[in-house]
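Structure record follows, encoded as structure tokens.
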Amino acid sequence: MERGEFLKWLREIEAKWQSRWREQHVFEADAEPGKPKFYITVPYPYTNAPLHIGHGRTYTIGDIIARYKRLKGFNVLFPMAFHITGTPIIAISERIARGDEKEIERYKSYIAVYVKDPDKINEYIEKFKNPLELATFFAERVHMDFDALGYSIDWRRKFHTGEPIYNAFVTWQYLKLREKGLIKRGDHIVTYCLLHRQPEGEDDIQDADTNPVEILEFTAIKFKLLDESDAYLVAATLRPETLFGATNVWVKPDAEYVVVEWRGEKLVVSRKAYIKLQHQHPEDDIRVVKEIRGRELIGKYVLSPLGRKLVVLPADFVDPDNATGIVYSEPSDAPYDYVALMEIKRNPEKLREYGLDPEIVKDIEPIKIIEVPGIDDHHAKVIVEQMGITSQLDPRLVEATKIVYKEQYYKGRMIVDDPEFKGLSVSEAKEKIREKLFRENMAFTFYELNRKAFCRAGGEIIVAKIKGQWFIDYSTPWWKEKTREYVEKKLVMIPEKYKNEMLATIDWLEMRPCARRRGLGTKLPFDPEWVIESLSDSTIYMAFYTIVHIIRNTGIKPEQLKPEVFDYVFLGIGDPGEISKATGIPVEVLEKMRREFTYWYPVDQRHTGIAHISNHLTFYVFHHIALFPPEHWPRMITLNELVIREGAKMSKSKGNVILLREIAEKYSADLFRLYAAGAANLETVLDWREKDVVTALDSLRRFVSLAKRSVDTKCTEYGKNRFIDKWFYSRFNKLLVEASNALEKMEVRDYVQKIFYQVLSMIDHYRDRASDDEAVCMVKTILDKWIRALNPVIPHVTEEIGEWLGYEKPVSISEWPAPDYGAINEEVEVLEDMIEDLIDDLKNVLNVVKPVKGRITLIVASPWKREVIRMVEEGVDQREIIKVIRDKYGLKGREKEIINVIQRYRREPNKNILLTNAENEYRILVEARDYIGKKIGLEVDIYWEEEARSKGIPRADKAYPLKPGFYIE
Ligand SMILES: [Zn+2]
């Protein structure tokens, strides 16, 4: 079959086996006491759009493991559900309902992935004004996509997080958390989206997983304007101790500032800062009384809280979007200030633009207030000059600032006159001046982010205070300690290097908002104005999978799912008889749910992408530890890297995203699985390259045609017990063992490479050494084992071949093939490698030397040479070796040859030699004589070394074990 035809065939058999698995309920798993279980989960997808191959990689790896464990004899549960919690889906529905053209077009294109009829597409758009319709549309499509990729999911357990039965479960979870004192309420400083007017965490913020967003505490200091305005300029700093060295104030001339009235005072800040102030003090009324430009402030004088009179000057580096948009200058220790001051001193004429006398800057000089051992001059000056920075817009100033601050923080001492501060370390002075300024009402805290940040929908993120926010207190000491200890000592993480990231997350996690004012999901049971947000309602749902199908099948109503039901099912608390009376759920149903839960729990493996470590996965472990006994805590977490395409990140804007639907329609499930699993191990980014996908397709095609021929062949004689036949079985069984070992270690790439690609090249080699017909015949003898070992990665193709072989039940529920350890033969493998090495060596020589007669003589080393090597390995003394060998083999006069062998082995030790014997080396060469001859294009003669010597063939004594001598006339 040519490629197109083959792909079509693949898609046909894929559809066939998918429906067969479904009809036969092959992947539906129930508790079977006494049978070992394996419970694997991959996080449920968020269903607001079609999924792409980046998701596909993660789910495929999860499925490969599920299938492998099933073949290994485990009762495997691999469930799936859909996540619709939170505001994104509502926000999309609202935009569609508002008639937002861009959003409508976007969603038309998403629907068109699945629906071709334009009228139908418009109908769906109309329906999407209801967020639940949108969520369930994509949930159903993702379900189809997962089926089309052949995932072995038990779909009886699917649900979505907006369903009342799930809400009942999450209600129980939050009542429990509150009972344990882990839910708090209070004013809370959060990252907040100005567009969506709600707190948005790292999950909502662009790139927050790779470039973390942190909240910084600035000290906003009031400088009294010395004019009739009665207002203060508010300059914000992270280093209030430098106030002692303030020389002037900087503003940005063309930025917008406002005078606001707040708590009976007039303050000047940037317009942006005003918006932030409002959000950080929602209880206060802050009003704008006047709007001004930065240039209007230039030349005015202010009084610092320490009583120094300072002038306001222009500076380009000042960012009105950062903190208050006004800073004071401390050129001795702040590189930005130093460079800005030097620039203005170099070019004082510029000040005339603002109606200022250039003389004004002549007397401004840095004031040294911090002493650092080894730095005599002003610290900022030293660093700036070292780095060669001359412009205040030089980006390296960020680095310069960090260097100065780090050194001063650890080694700096205050050298100011004020006795209260003199001699203090920088860190002490910082705290002390802050307290003093706050006490005197000359400063307040201003929160700002460490970088500019936007939510995924483009909304600007600021820091805000939420009144009466509900949150989960991850800083609760017993909880944090238990979680940390468990992750450090017990939890298995693969690749292990990611464990540190989880430990770091556990360390820094504190209060985390767990509910919002709006969104889909579960209402907070003790305050129904709030809805539990998406990262907080998806921490223990793996427990819900174990019973959800029973709830559905027995027709239990959501209102019957009272907390005591879950107390009993998950914790074994309470009496089923009484619970039954109180809820109307039959006792045997309660007991069945309890049995299912205790059978399946804990989760043996949770597999997902690395982006989830610092949020979802950490919460997953935390919540299990809070709510369940230790025997039900998660056992293992495994993670894979991202998928990129042709070297570039996939993104909607680049238009290079491949959707899962395209895999099902344009490629094939097994091709995708083979490629996605075989091209990269977990810790490696998978680069989807079309060229390599075609190569994988060709290999798959070769595999199928080989299988077909070997099923059809009438041959009965399987090999002839030659070396090459033994080699074939040895190699196959060894690869089978290695493939299994690789999967146990989650090395999916190595598994695919060994059991698919390396077995294929093994067959190629065999064909080369024997014949095509013999190769087909040999494949027949391993095909059954081979397809079972390949079933986890290419389930559809292997089912089809299984059917050709007469399988009555699906291969997917057969058994992992037992390797034939007895067939593994190291000697045969070493000898076969010798043949290949020999051919390479001969080809190299023949590039230089052209034979006269078209013949070559190969010479096999005498058996005594192996014996010499064995004695060297055993540590026998050289003189002793010479004596023993000489006497045993009658080599008197040839002692030099014995010494040569000893020396050569010491120079290039190779223990493989001792796995082989001379007789077999001779026999395999004889067996491969024609093959070698064909490869090098010469007739081959083979002699024993002693034979060659007696015939007078030159260089016969050069023969060495596994390195036959050769002579070309
Ligand atoms: Zn937002």
**Item:** Two-site label geometry, residue 265 and residue 178: point separation in nm, points 7 Å out along Cα→Cβ
**Value:** 4.0
**Message:** I'd like the FRET efficiency for residue 649 and residue 363, computed as 1/(1 + (r/R0)^6) with the beta carbon distance as r and R0 of 51 Å, rounded to 0.05.
**Reply:** 0.45
**Prompt:** Classify the stretch 393-448: rounded, prolate or oblate, from the alpha-carbon gyration tensor (a ≥ b ≥ c, eigenvalue square roots; a/c under 1.5 rounded; otherwise prolate if a/b is larger than b/c)?
**Reply:** oblate
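Work through the residues other than residue 30 whose Cβ is under 12 Å from its Cβ and net out their charges, Lys, Arg +1 and Asp, Glu -1. Provide the component values of the computation, followed by the final result.
Values: positive: 35, 37, 156, 157, 592, 595; negative: 28, 32, 154, 596.
That works out to +2.
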**Prompt:** What figure in square angstrom, to the nearest 10, would you give for the accessible area of residue 761 with a 1.4 Å probe?
**Reply:** 60
**Prompt:** Restricting to the chain, what percent of DSSP beta bridges are antiparallel, rounded to 5?
**Reply:** 70
**Request:** Along Cα→Cβ, 7 Å out, is where each label goes; now give me the distance between the ones at residue 969 and residue 224 in nm to one decimal.
**Result:** 11.5
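Provide the FRET efficiency to the nearest 0.05 for the residue 72-residue 772 pair, computing r from the beta carbons and using R0 = 41 Å. If you can, show how the numbers build up before the last one.
Values: r = 35 Å, r/R0 = 0.85.
Efficiency at R0 = 41 Å is approximately 0.75.
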**Restraint check, 300/362; 562/592; 102/652; 726/780; 8/785; 72/785, Cα-Cα greater than 20 Å** = 8/785
**Complete:** Computed about the Cα centre, the charge dipole of the stretch 800-845 from +1 Lys/Arg and -1 Asp/Glu charges at the Cβ has a magnitude in debye, to the nearest 20, of 260
**Message:** For the pair residue 492/residue 926, report the inter-label distance in nm, with labels modelled 7 Å from Cα in the Cβ direction.
**Reply:** 5.1
**Asked** With every protein chain left in place, what is the accessible area of residue 960 in Å² (1.4 Å probe, nearest 10)?
**Response** 10
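Taking a 32 Å limit on the Cα-Cα distance, which of the listed pairs 108/708; 127/452; 309/411 fall beyond it?
Numbers: 108/708 44 Å; 127/452 36 Å; 309/411 30 Å.
In this structure, 108/708; 127/452 lie more than 32 Å apart at Cα.
What is the dipole size for the stretch 407-498, taken about its Cα centre, with +1 at each Lys and Arg Cβ and -1 at each Asp and Glu Cβ, in debye to the nearest 20? Walk me through the numbers on the way to the answer.
Working: 19 positive and 15 negative charges, 75 e Å.
Taking the Cα centre of the stretch 407-498 as origin, the dipole is about 360 debye.
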**Item:** For the stretch 568-718, Kirkwood radius (reciprocal of mean inverse C-alpha pair distance, Å)
**Value:** 20.5
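For residue 214 and residue 319, compute 0.36 nm times the residue count separating them, minus their Cα-Cα distance, and round to one decimal in nm. Don't skip to the end; give the middle numbers.
Values: separation 105, 0.36 × 105 = 37.80 nm, distance 1.83 nm.
That works out to 36.0 nm of additional length.
Counting only protein heavy atoms and a 1.4 Å probe, tell me what percentage of the chain's accessible area is made up of carbon and sulfur. Provide the component values of the computation, followed by the final result.
Working: 20080 of 40950 Å².
The C+S portion of the solvent-accessible surface of the chain is 49 percent.
With a ≥ b ≥ c the root eigenvalues of the C-alpha gyration tensor of the stretch 279-410, is it rounded (a/c under 1.5), prolate (a/b larger than b/c) or oblate? Walk me through the intermediate numbers first.
Values: a/c = 1.81, a/b = 1.30, b/c = 1.40.
In terms of gyration-tensor shape, oblate.
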**Fill in**
Looking only at aspartates and glutamates whose Cα falls under 17 Å of residue 951's and that sit 8 or more positions away or on another chain, we get 941, 969
**Potential extension, residue 874-residue 197 segment - 0.36 nm per residue separation minus Cα distance** = 235.8 nm
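Can you work out the FRET efficiency for the pair residue 445 and residue 303, with r the C-beta to C-beta distance and R0 = 35 Å, to the nearest 0.05?
The value I calculate is 0.95.
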**Request:** May I ask you to list the lysines whose Cα is less than 17 Å away from that of residue 963, ignoring any residue fewer than eight positions away on the same chain?
**Result:** 843, 865, 911
**Asked** Which pairs, out of 720/958; 523/654; 497/523; 120/649; 666/714; 406/499, put more than 30 Å between their alpha-carbon atoms?
**Response** 720/958; 523/654; 497/523; 120/649; 666/714
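Using a cut-off of 10 Å between beta-carbons, work out the net charge of the residues near residue 71 (Lys and Arg +1, Asp and Glu -1, residue 71 not included). Write out the running numbers ahead of the final one.
Values: positive: 67, 69, 70, 72, 788; negative: 815.
That works out to +4.
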**Request:** Taking the Cα centre of the chain as origin, work out the dipole magnitude from +1 charges on Lys and Arg Cβ and -1 charges on Asp and Glu Cβ, in debye rounded to 20.
**Result:** 1220
**the stretch 527-570: GluC sites (Glu not before Pro) falling in loop per DSSP and having at most 12 other Cβ within 10 Å** = 529
**Complete:** Checking the stretch 250-331 for trypsin sites (Lys or Arg not before Pro) in a loop per DSSP with at most 12 other beta-carbon atoms within 10 Å yields 263
**Request:** Express the accessible area of the chain per residue in Å², computed with a 1.4 Å probe while the remaining protein chains stay in the model.
**Result:** 42
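Could you give the length gained by full extension between residue 410 and residue 484, i.e. 0.36 nm per residue of separation minus their alpha carbon distance, to one decimal place? Walk me through the numbers on the way to the answer.
Numbers: separation 74, 0.36 × 74 = 26.64 nm, distance 2.92 nm.
Here the answer is 23.7 nm.
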**Computed [θ] at 222 nm, deg cm²/dmol, the chain (DSSP H ≥ 4; -39,500 (n - 2.57); rounded to nearest 500)** = -14000 deg cm²/dmol
**Fill in**
Expected vector for the stretch 418-433, Karplus 3J(HN,Hα) from phi with 6.51, -1.76, 1.60 and θ = phi - 60°, integer Hz, x for Gly and Pro, equals 3, x, 5, 10, 4, x, 6, 6, 4, 5, 5, 4, 4, 5, 5, 5
**Fill in**
Residues other than residue 682 with Cβ under 13 Å of its Cβ, Lys/Arg counted +1 and Asp/Glu -1, net out at -1
**Message:** Compute the distance from the alpha-carbon center of the stretch 588-641 to that of the stretch 219-250, in whole Å.
**Reply:** 53
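Sorted by packing (mean other beta-carbon atoms within 10 Å per residue), highest first, where do 924-930, 280-286, 827-833 land? Display every interim value, and only then the final one.
On the way: 924-930: 18.3, 280-286: 13.3, 827-833: 20.3.
Output ranking for 924-930, 280-286, 827-833: 827-833, 924-930, 280-286.
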**Asked** Alpha carbon centre of the stretch 696-741 versus the stretch 510-550: separation in Å?
**Response** 52
**Fill in**
Of the residues 461, 839, 416, the Cα lying farthest along the dipole of the chain towards its positive end, which is defined by charges on the beta carbon of Lys, Arg, Asp and Glu, belongs to 839
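The values are calculated or read from the model by the stated rules, or taken from the named source; none is laboratory data. As the structure is a prediction and not an experimental result, all values here were calculated from the model. Glycine also receives a Cβ, built like all others from the backbone with ideal geometry; neighbour counts cover every protein chain displayed. Note: areas computed on protein heavy atoms with side chains; ligands, DNA, RNA excluded. Shrake-Rupley method; radii C 1.70, N 1.55, O 1.52, S 1.80 Å.
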